[in-house]
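Enquirer: Here it is, the structure, as structure tokens.
No value in this document is a laboratory result; all are computed from the given coordinates. Treat the numbers as computed from the prediction; the structure is a model and nothing was measured. With ideal geometry, Cβ positions are generated from the backbone for all residues, glycine too; neighbour counts draw on all protein chains shown.
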Amino acid sequence: MRNSVLYTVIWILLMIGGVLLLGVGRGADVYTILCDGIVVSICCLITVFLWYFGRTTDTLHFDAPQHPFRFFGVLISGAFFCVLFSILPDTGWLFLSFYILLSIVSNSLTGIAGATTLLISTMFMSGTVNLMTFLVYFIAGLVGVALFESVMESHKFALCVFLSILIQLCTISAGEILFETKSLSYESFMIPGINLLFNTVILVIALKPIMTTIILPRENLYQTINDPEYRLMKELREKSANDYFHALHTARLAENICRDCDLNADAVKTAAYYWKYGKIMEEDQDVIMSLHHFPEAAVNIINQMNRTDNSALTAETTVLMFCDAEVNMMEVFADKNMDIHSQYKTLVNKILDRKIENGILNRSKISVMDMNALRRYLLEDEMYYDFIRSNRV
């Protein structure tokens with residue numbers, strides 16, 4: 001928290017100081033300088049508010065709340081680039097990269113606000129207060145942010161870089177070349193061409209470490225928190241061995257069924273492990289999920305299992321409910337050390353039919369095909385009862 005406040009103060013001082021000093025340097029009158037300073041101050045405060053609001057509401061991308069320097073570092077470097085851009089022709093400004101990078105290390109709205117603040121500051125520093133110049137970079141930036149936001153999960157960044165650069169070329173050609181000079185020549189495309197080349201190089205260089213240090217580790221989160229040796233699972237095992245093995249058995253059943261039905265097996269496995277964790281450990285479930293950055297799909301299943309989310313049950317939640325009931329049934333007989341192999345299928349059908357009679361399917365999105373696959377898998381899993389019996393403490 002202390003570091004993020006320090007970064008915030010440094011960035012705001014650099015932005016306001018740069019606008020005021022360069023305003024004096026270019027000989028602007030005091031009223032223009034004050035007006036520019038006020039506008040930039042407001043833009044900075046809006047950007048800072050959006051970042052802190054995103055951190056509070058957990059709407060920033062990936063692990064951005066834990067790494068404020070990623071966002072503010074780009075903004076602080078952007079403050080120095082604003083000074084450089086102010087002495088270059090306006091067709092040479094590299095704001096497309098700032099729009100995209102800032103949106104990735106925060107979120108779309110915050111990134112747009114930060115990059116637009118840099119753009120406005122550069123216009124004030126250079127004395128080029130031109131609506132067309134603003135729109136050239138603002139529109140290209142919006143398109144770039146939208147493109148990258150749409151492929152954040154699929155990682156088709158190469159296509160997004162190409163399309164973003166193409167849009168930037170179109171806006172510069174239309175706004176700065178055709179509108180301003182009203183003529184076409186090789187010379188007029190020289191600086192825009194250098195602009196697009198540098199934007200491409202910056203994005204290609206920056207996206208590689210972003211993928212390896214931010215995006216991919218986040219995607220490997222399921223693998224981390226679904227590891228039985230993960231800290232939370234080890235704490236659960238130490239607290240209650242029976243609850244620990246119950247989670248493992250339920251997760252195994254639910255994961256296998258979801259994989260067969262092409263459902264979200266990773267999310268249901270996480271939910272099977274942790275949906276009772278808060279109650280068992282006597283801790284706040286929401287705080288645990290937030291601190292350990294549980295994926296949204298797993299959080300939704302956990303909330304539905306704990307009845308804190310009353311929306312229609314997802315297919316994954318429905319599978320988990322049946323698997324949990326199945327494991328509960330087998331544990332009851334295991335505690336009595338009973339051999340139920342001859343009655344296994346009858347008992348399973350009774351458990352499933354009882355839950356269906358209670359109306360679970362009336363508020364579930366699970367398909368008939370998936371429900372049939374679930375019943376078939378549970379009926380065929382008879383031998384697993386012996387394994388459950390061997391784990392009871």
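Enquirer: Can you give the extra length, in nm with one decimal, that the chain gains between GLU229 and ASN3 once fully stretched, where that is 0.36 nm per residue apart less the Cα-Cα distance?
Expert: The GLU229-ASN3 span can extend by a further 78.1 nm.
Enquirer: List the residues, sorted by chain then number, that are 5 or more residues from LEU313 or on another chain and whose placed amide H is less than 5 Å from its amide H.
Expert: Amide H neighbours of LEU313, under 5 Å, 5+ apart: SER364, LYS365.
Enquirer: For region 222-391, build the charge dipole from Cβ charges (+1 Lys, Arg; -1 Asp, Glu) around the Cα centre, then report which of TYR384, ALA271, MET330 sits farthest towards its positive end.
Expert: The residue sitting most towards the positive pole is MET330.
Enquirer: Now a separate question. So how tilted is helix 157-171 from the main axis of the chain? Cα-based, degrees 0 to 90, rounded to 10.
Expert: Value to nearest ten degrees: 30.
Enquirer: Another one. Using only Cα atoms, locate the centre of region 43-121 and the centre of region 213-254, then give the distance between them in Å, rounded to an integer.
Expert: Taking the Cα centre of each part, region 43-121 and region 213-254 sit 36 Å apart.
Enquirer: Next question, about the same structure. How large is the helix-only mean residue ellipticity at 222 nm for the chain, computed as the sum of -39500 (n - 2.57) over DSSP H runs with n ≥ 4, divided by its residue count, in deg cm²/dmol to the nearest 500?
Expert: Taking each H run of at least 4 residues, the total per residue is -23000 deg cm²/dmol.
Enquirer: Ok, one more. If you fit an axis through the alpha-carbon atoms of helix 368-379 and take the longest principal axis of the Cα set of the chain, what angle between them do you get, 0 to 90°, nearest 10?
Expert: 50 degrees
Enquirer: Next up: Highest mean first, how do 64-73, 344-353 rank when packing is the count of other Cβ atoms within 10 Å averaged over residues?
Expert: Result, highest mean first: 64-73, 344-353.
Enquirer: Ranked highest first by average number of other Cβ atoms within 10 Å, how do 319-331, 280-292, 373-385 line up?
Expert: Most protected by this proxy first, the peptides run 319-331, 373-385, 280-292.
Enquirer: Additional query: Report, in listed order, any pair from LYS234/LYS269; LYS156/LYS365; LYS239/LYS269 with a Cα-Cα distance greater than 24 Å.
Expert: Beyond 24 Å: LYS156/LYS365.
Enquirer: Sort 359-369, 43-53 by packing, meaning the average of other beta carbons within 10 Å per residue, with the highest value first.
Expert: Packing order, densest peptide first, comes out as 43-53, 359-369.
Enquirer: Report the Rg/Rh value for region 222-391, based on alpha-carbon coordinates and the Kirkwood definition of Rh.
Expert: That ratio equals 0.95.
Enquirer: Relative contact order for region 222-391: what percent, with Cα pairs under 8 Å and sequence separation of 6 or more?
Expert: It rounds to 23 percent for region 222-391.
Enquirer: Taking the alpha carbon gyration tensor of the chain, what are the square roots of 5 times its eigenvalues, largest first, to the nearest whole Å?
Expert: Equivalent ellipsoid of the chain: 57, 22, 16 Å, largest first.
Enquirer: Cut-off is 10 Å between beta-carbons; in what order do ARG354, ARG2, ARG389, ARG26 appear when sorted fewest neighbours first?
Expert: ARG2, ARG354, ARG26, ARG389
Enquirer: May I ask you to evaluate 6.51 cos²θ - 1.76 cosθ + 1.60, the Karplus curve with θ = phi - 60°, for each residue of region 233-244 and list the ³J(HN,Hα) values in order in whole Hz, giving x for glycine and proline?
Expert: In residue order, the calculated couplings are 5, 5, 5, 5, 4, 5, 6, 7, 4, 5, 5, 4 Hz.
Enquirer: On a 0 to 90° scale, report how tilted helix 2-25 is relative to the longest principal axis of the chain, with both axes built from alpha carbons and the result rounded to the nearest 10.
Expert: Helix 2-25 sits at roughly 20 degrees to that axis.
Enquirer: Return the sequence-ordered ³J(HN,Hα) values of region 248-263 in whole Hz as given by the Karplus equation 6.51 cos²θ - 1.76 cosθ + 1.60 applied to θ = phi - 60°, using x for Gly and Pro.
Expert: My calculation for region 248-263 gives 4, 5, 5, 4, 4, 4, 5, 4, 5, 5, 5, 5, 5, 9, 6, 9 Hz in order.
Enquirer: Follow-up question, since we're still on this one. If you place +1 on the Cβ of every Lys and Arg, -1 on the Cβ of every Asp and Glu, and leave all else neutral, what size is the dipole of the chain about its Cα centre, to the nearest 20 Debye?
Expert: Dipole about the Cα centre, nearest 20: 160 debye.
Enquirer: Hey, what D do you get for region 2-219 in µm²/s if you plug the Kirkwood alpha-carbon radius into Stokes-Einstein at 10 °C and 1.306 mPa s?
Expert: Stokes-Einstein gives a translational diffusion coefficient of 90 µm²/s.
Enquirer: Normalising by the residue count of the chain, find the relative contact order in percent from Cα pairs under 8 Å and 6+ residues apart.
Expert: Relative contact order comes out at 11 percent.
Enquirer: Given charges of +1 on the Cβ of Lys and Arg and -1 on the Cβ of Asp and Glu, with all other atoms neutral, how large is the dipole of region 2-219 about its Cα centre, in debye to the nearest 20?
Expert: Here the size comes out at about 340 debye.
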